[in-house]
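Before any comments, here is the structure.
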């Protein structure tokens, strides 16, 4: 999946693609570099070579990354931890 956005936060399309075990190529902007299992590309003149160099197997590591870091329970735990920190400060 190619994500050519020039302005993003943490795109749901990347999370959805990783859940489907797709390979992802995106610009290193905003929250996108936080994903560990995608290909970041600053020089779009190299896009053809980057696509040719992508692994041909499914991106199972990307799927695990999303399941571990963005599951509803994980997000709730993170939110509760932040509320607890805020209450204790």
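The values are calculated or read from the model by the stated rules, or taken from the named source; none is laboratory data. It should be emphasised that the depicted structure is a prediction, and the values quoted were computed from it without experimental measurement. Positions of Cβ are generated from backbone atoms using ideal geometry, with glycine treated the same way; all protein chains shown enter the neighbour counts.
Just for region 27-43: of the residues that are in contact with a strand residue (DSSP E or B) (Cβ under 9 Å, 6 or more places away or on another chain) and outside any helix (DSSP H, G or I), which one is surrounded by the fewest Cβ atoms within 10 Å (Cβ to Cβ)?
Ranking the qualifying residues of region 27-43, first place goes to 28.
Of all the residues that make up region 6-26, how many are modelled with pLDDT of 85 or more and assigned to a loop (DSSP other than H, G, I, E, B)?
Matching residues across region 6-26 total 6.
Which one of these does residue 60 not meet: (1) in contact with a helix residue (DSSP H, G or I) (Cβ under 8 Å, 6 or more places away or on another chain); (2) touching a residue at least 12 places away in the same chain (Cβ under 8 Å)?
Evaluating residue 60 over (1) in contact with a helix residue (DSSP H, G or I) (Cβ under 8 Å, 6 or more places away or on another chain); (2) touching a residue at least 12 places away in the same chain (Cβ under 8 Å) leaves (1) as the failure.
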